[in-house]
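The values are calculated or read from the model by the stated rules, or taken from the named source; none is laboratory data. Since the structure is predicted, the reported quantities are computational estimates derived from the model, not experimental observations. Cβ atoms come from the backbone with ideal geometry, glycine included; neighbour counts cover every protein chain shown.
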Amino acid sequence: MSSQDKLGLIFKTDIMNEVKTNIEKLDGEIYIESKKGQGSKFTIVLPLTLAITEALMVKINKEIFAIPLNAISEILKIETKNIKQVKGNDVILLRDETISLIDGKKSLNMNVEYNLYKTKKEISVVIINNGGNPIGLIVDELLYQQEIVIKSLSDYLENVKNISGATIIGDGEVALILDVKDIA
Amino acid sequence: MTKKEKITEKTQYISFIIAREEYGVELIQTKEIIKPLKITPVPNTSDYISGVINLRGQVIPVIDMKKKLNLAIEKDKASSKDEEKIIIINIKGMLLGLYVDCVKEVVNLKNSEIKDVKETKNEIEKEFIKGVINIDEKLIIILDLKKLLFAKKEKKGA
């Protein structure tokens, strides 16, 4: 059996077929390298401009941002009187778990005063769980959920802190995608 | 004279106004001129980055030329808000927008007409200027966009 045949065999199995179809739907490619006795290497190439993801749209300081849904574990409304302090950081208790709060305005380095949320009666918090410790991101407003097309933020602006890309929303404006790995 | 010879002999520049001064960049680098669209600010970037715009589905960063060139922010009363334009340039395979006060004209210049700058007003570094040219008592500063936009990028954000 040639290696080409073996690849064909892998793709005959339902799971791989599903993977391949979905990757091709996004205009991507999959490569498999296999060495006897050493395992296999799967390389998936996806064009960033065509990656589609489900995202929660939020408003922070009048600007709209997208948070990829796969990083969000839940969304809460919290009364500010329930905010507690641990070592000077604001935390909330959620089912016996301490979750530290991060002000979205602060992580986006916006030119406004931070930590004003305490003056409000109730705040919207997005719990981001990206493998590590969950954090609570404070946003001004929860808007809606939608599918977004991820576009890269131009090579000129490489590695912008806390921003992973951009997308174009209904009214033709650009909304930025928060980099949850950076924030959390 | 064939058309080809004409092109090699002269270079076309597009001139625009930033803070009352006239600047020029090579026309070949420019892709189009658009009216300002809604700019989405991008946090954690240098302050001369105004933000990004959606140009027919493409996300393009816009550079505030006034801040990039360290020119006085004071608004030029002579040019109104309607005249403000974004010049889309194609440089090193990237599309970038330059926010300017007003776009003037396209000028044909012989390369020999461009004079070296001996001294500049301290605000703009000399290395970003390719040269200056006098047309009808008017001074146009020709910018070297590659050097201006890709000179060791300052540390972004705080």
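Just a few scattered comments:
- Of the residues making up segment A:125-144, those that are in contact (Cβ under 8 Å) with a residue 60 or more places away in the chain and either within 14 Å of another protein chain (Cβ to nearest Cβ) or in a strand (DSSP E or B) (or both) number 9.
- Consider segment A:145-177 and keep the residues that are acidic (Asp, Glu) and either assigned to a strand (DSSP E or B) or in contact (Cβ under 8 Å) with a residue 40 or more places away in the chain (or both). The one that is nearest to the other protein chains (Cβ to nearest Cβ) is A:Glu173.
- Residue within segment A:98-115 that is under 14 Å from the mean Cα position of the chain (by Cα), more than 14 Å from chain B (Cβ to nearest Cβ) and not in a helix (DSSP H, G or I) present: no
- Of the residues making up segment B:51-68, not one is more than 10 Å from every other protein chain (Cβ to nearest Cβ) and in contact with a Lys or Arg (Cβ under 8 Å, 6 or more places away or on another chain).
Residue-by-condition table, conditions (1) farther than 16 Å from A:Ile148 by Cβ; (2) in contact with a strand residue (DSSP E or B) (Cβ under 6 Å, 6 or more places away or on another chain):
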| site | (1), (2) |
| --- | --- |
| A:Ile23 | yes, yes |
| A:Asp27 | yes, no |
| A:Glu54 | no, yes |
| A:Lys77 | yes, yes |
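- Number of residues in segment B:27-50 that are within 7 Å of another protein chain (Cβ to nearest Cβ) and either within 18 Å of the chain's Cα centre (by Cα) or part of a strand (DSSP E or B) (or both) equals 2.
- Only listed residue being modelled with pLDDT of 80 or more and in contact with a strand residue (DSSP E or B) (Cβ under 8 Å, 6 or more places away or on another chain), chosen from B:Ile91, B:Ile114, B:Ile86: B:Ile86
- Some residue of segment B:94-107 being surrounded by fewer than 21 Cβ atoms within 10 Å (Cβ to Cβ) and of a type in the set (Gly, Ala, Ser): no
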